[in-house]
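Data block below; observations after.
The values are calculated or read from the model by the stated rules, or taken from the named source; none is laboratory data. Please read all numbers here as calculations on a predicted model, not as lab measurements. FYI the Cβ positions are ideal-geometry reconstructions off the backbone, even for glycines, and counts take in every protein chain you see.
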């Protein structure tokens, strides 16, 4: 598959010159994804709800190219507060329990202080 | 293409056992790149100028293997101060506006307190 | 090679829904790896010893799929204290001096305050 850009339609993507996801060959590179509901442009205060919504956003991006979480090979979690991570584990098990990608969690700041978790995934389709 | 290492000639690369970029097959993995001008070993104080120089350094590394920013599929921005990011957006649009890779921005510390932005890219040539 | 999951046997992997490494095709995606000795579940206080153990853990994961550090194309170092990095350079030279992958170092928090360094590698076998 030749290079293809997936947009979620947000203005941020133009302003910051990025795509929600880039598809090339068997690969899907998804941008760091937060808990914003892109339809309402709202974000929950609770980190667990944010993690839920982030996975929904990622699933939605992957679905646009007929891919799914089952194709995810690497996931990077970024949380401003490392203590928030444990409350997200049930969400991780729900979405990735059978997939079990390579994962790294770090505690770092994000673009907006309302964001409590950002999730970046890379997917590779099996041939 | 068999594995090939690209050096910018800096002593740091030997000391820390890394390359400016690694090329293998259709892939180019570029190391985290800052706003240092490697010829003069100086760095601007302004974050926008640093972003400009970082892109020039990345373009220079990619050019050594006949690649360009158009091949970039993923970019990771690291800034010690998240508030600095917005002033870099015009630079991002200038260099990546038509390319729009997958992107993630985090706020984290860097090796040297003079560094205000570090940019890591991964490129994948289309066959 | 079809997708294959490598486990180090730690309970954390089930709890957080990840694998020590994912192998697919020529690729090996290794999770962020710390200085924990998984057999004794102890961790040294010294960052240099932690870096040593982290590399041993990575080598062990790669060995399970007949790969080695020589296949590493990208490495990401995460340290809570950037000032700790220089004391790890001899370890980096020992393990990666001839390999010289693309590398990025950031200073960010980790899951456990005892962890002073986490190392994430991606490997790509040459055909």
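Residue-by-condition table, conditions (1) within 12 Å of chain A (Cβ to nearest Cβ); (2) farther than 28 Å from residue C:113 by Cβ; (3) over 13 Å from the mean Cα position of the chain (by Cα); (4) free of Cβ contacts under 8 Å to residues at least 24 places away in the same chain:
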site	(1), (2), (3), (4)
C:29	yes, no, no, no
C:41	no, no, yes, yes
C:47	no, no, yes, no
C:50	no, no, no, no
C:54	no, no, no, no
C:64	no, yes, yes, no
C:72	no, no, no, no
How about region C:88-98: which of its residues are facing another protein chain (nearest Cβ under 8 Å), closer than 21 Å to residue B:33 by Cβ and crowded, with 19+ Cβ neighbours inside 10 Å?
C:92, C:96
Among the numbered conditions (1) farther than 29 Å from residue B:107 by Cα; (2) touching a strand residue (DSSP E or B) at 6+ places or on another chain (Cβ under 8 Å), tell me where residue C:29 comes up short.
(1)
Go through region B:1-26 and report how many residues are under 15 Å from residue B:122 (Cβ atoms) and either loosely packed, with under 15 Cβ neighbours inside 10 Å or more than 7 Å from every other protein chain (Cβ to nearest Cβ) (or both).
5
Is at least one residue of region C:102-118 within 12 Å of the chain's Cα centre (by Cα), in contact (Cβ under 8 Å) with a residue 40 or more places away in the chain and either within 13 Å of another protein chain (Cβ to nearest Cβ) or surrounded by fewer than 21 Cβ atoms within 10 Å (Cβ to Cβ) (or both)?
yes
Quick check: anything in region A:77-87 touching a residue at least 60 places away in the same chain (Cβ under 8 Å) and within 12 Å of another protein chain (Cβ to nearest Cβ)?
no
In region B:70-81, the residues that are crowded, with 18+ Cβ neighbours inside 10 Å and either farther than 12 Å from residue B:121 by Cα or touching a helix residue (DSSP H, G or I) at 6+ places or on another chain (Cβ under 9 Å) (or both):
B:71, B:72, B:75, B:77, B:79, B:80
Which ones in region A:28-52 are within 16 Å of residue A:69 (Cα to Cα) and surrounded by fewer than 21 Cβ atoms within 10 Å (Cβ to Cβ)?
A:52
Consider residue C:127 carefully, then state whether it is at pLDDT 95 or above, out of contact with any strand residue (DSSP E or B) (no Cβ under 9 Å at 6 or more places or on another chain) and more than 29 Å from residue B:79 (Cα to Cα).
no
